[in-house]
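K.L.:
Dropping a structure here in structure tokens format, bear with me for questions.
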Amino acid sequence: MLSYRGLLDDATRTLYEASETPRIDAEYLMQHVLQQSMAWLISYGDSIASAEHTRDFHQLVEQRAKGVPVAYLMGYRDFWTLRLQVNEHVLIPRGDTEILVEQALERLPKESAHRVCDLGTGSGAIALSIAKERRKSPITALDKSDTALHVAKANAEQNNISNVEFLQSDWFHSISGRTFDLIASNPPYIEHGDPHLTQGDLRFEPISALVADNNGLSDLQTIIQQASKHLRPSGWLLLEHGYQQAPAVEALLRESGYGNIELYADLNQLPRCTAAQIQ
């Protein structure tokens, strides 16, 4: 029988061609199986692994070797200060999206209440992160997928967040007449045929939450054009987009009458989030 460290070494070799981060993946899966921290693995990694742990770990590694995302295998992903349930019905929250949350919070003073809308909420990552930091502010989280909303509602309950209203809606369709101080969205923005769709975790994530027409710009354009009717005077629109789409997004915003357009970089220092204010 192998030690836990031995199992990790074997898994790292197994995942070498299936993942860009084979050791990290193996460590995450082992921590999940053991329900222990990395510190425990470092301290007790030479212990002989139990038969149950060995079996469960091998099953997860086998799935990961087929490309199944680690987050789906564990059933959660940490984002901002939250642990969020995820499954095949929602995108896996990524660290690059935290810049959008950060910039939203910069525009929402703690001491007062502000109405906020999150379009295409998925797992609820953006809405719940803002809601946790701004408990006085009512947040409306929209998604056209009922299965995604089920995940988002579960995440709200799990994280004891009660200031979010979840509604099924295709963008603004279900909230006619409502206005907000800030609207945020991480919409589909990958163009059809992009080679990244056949690589890595994206192969397993819901295509409807990834791909948009018009070179990936159609949903961004729809949001930009319609959001102006749902923003209060001087309200903010914050959008995540592809790094190569920043000039096109800025042009669409200017055409729709937005000003104070600001661009922010992601963790890789690529342009990822644009903020604009309605005039």
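The values are calculated or read from the model by the stated rules, or taken from the named source; none is laboratory data. No experiment lies behind these values; they were computed from the predicted model shown. No Cβ is skipped: glycine too gets one built from the backbone with ideal geometry, and neighbour counts run over all protein chains shown.
K.L.:
Out of all the residues in segment 195-210, which are surrounded by fewer than 16 Cβ atoms within 10 Å (Cβ to Cβ) and of a type outside the set (Val, Ile, Thr)?
P.N.:
Pro195, His196, Gln199, Gly200, Arg203, Phe204, Ser208
K.L.:
Across segment 184-224, what is the total count of residues that are within 17 Å of Leu142 (Cα to Cα) and not small (Gly, Ala, Ser)?
P.N.:
Matching residues across segment 184-224 total 10.
K.L.:
Another question about this same structure. Looking only at segment 108-121, filter to residues that are closer than 23 Å to Asp143 by Cβ and more than 16 Å from the chain's Cα centre (by Cα); which one of those is surrounded by the most Cβ atoms within 10 Å (Cβ to Cβ)?
P.N.:
Val116
K.L.:
I'd like to check something: does segment 184-192 contain any residue that is polar (S, T, N, Q) and surrounded by fewer than 18 Cβ atoms within 10 Å (Cβ to Cβ)?
P.N.:
no
Table: residues versus (1) more than 28 Å from Gln279 (Cα to Cα); (2) of a type in the set (Val, Ile, Thr); (3) buried (at least 20 other Cβ atoms within 10 Å of the Cβ).
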site: Pro138; (1), (2), (3): no, no, no
site: Ala148; (1), (2), (3): yes, no, yes
site: Val151; (1), (2), (3): yes, yes, yes
site: Arg178; (1), (2), (3): no, no, no
site: Leu182; (1), (2), (3): no, no, yes
site: Asn214; (1), (2), (3): no, no, no
site: Pro233; (1), (2), (3): no, no, no
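K.L.:
While we're here: If a residue has to be surrounded by 17 or more Cβ atoms within 10 Å (Cβ to Cβ) and either among the β-branched types (Val, Ile, Thr) or not assigned by TED's automatic domain parsing to the domain that holds Ala227 (or both) to count, how many in segment 251-274 make the cut?
P.N.:
1
K.L.:
Which one of the conditions (1) at positive phi; (2) within 16 Å of the chain's Cα centre (by Cα); (3) surrounded by fewer than 24 Cβ atoms within 10 Å (Cβ to Cβ); (4) not acidic (Asp, Glu) does Gly124 fail to meet, given that it meets all the rest?
P.N.:
(3)
K.L.:
Residues of segment 4-48 being aliphatic (A, V, I, L, M), modelled with pLDDT under 95 and buried (at least 17 other Cβ atoms within 10 Å of the Cβ), which ones?
P.N.:
Within segment 4-48, Leu41 is the sole residue that qualifies.
K.L.:
Give the number of residues within segment 57-89 that are small (Gly, Ala, Ser) and touching a residue at least 60 places away in the same chain (Cβ under 8 Å).
P.N.:
So the answer is 2.
K.L.:
Still on this structure, please answer the following. In segment 205-258, which residue that is modelled with pLDDT of 95 or more and aromatic (Phe, Trp, Tyr) is nearest to Ser174 (Cα to Cα)?
P.N.:
It comes out as Trp236.
K.L.:
In segment 11-25, which residues are in contact (Cβ under 8 Å) with a residue 12 or more places away in the chain, in a helix (DSSP H, G or I) and either under 15 Å from Ala71 (Cβ atoms) or among the basic types (Lys, Arg) (or both)?
P.N.:
If the condition is that a residue be in contact (Cβ under 8 Å) with a residue 12 or more places away in the chain, in a helix (DSSP H, G or I) and either under 15 Å from Ala71 (Cβ atoms) or among the basic types (Lys, Arg) (or both), then Arg23, Asp25 are the ones that fit.
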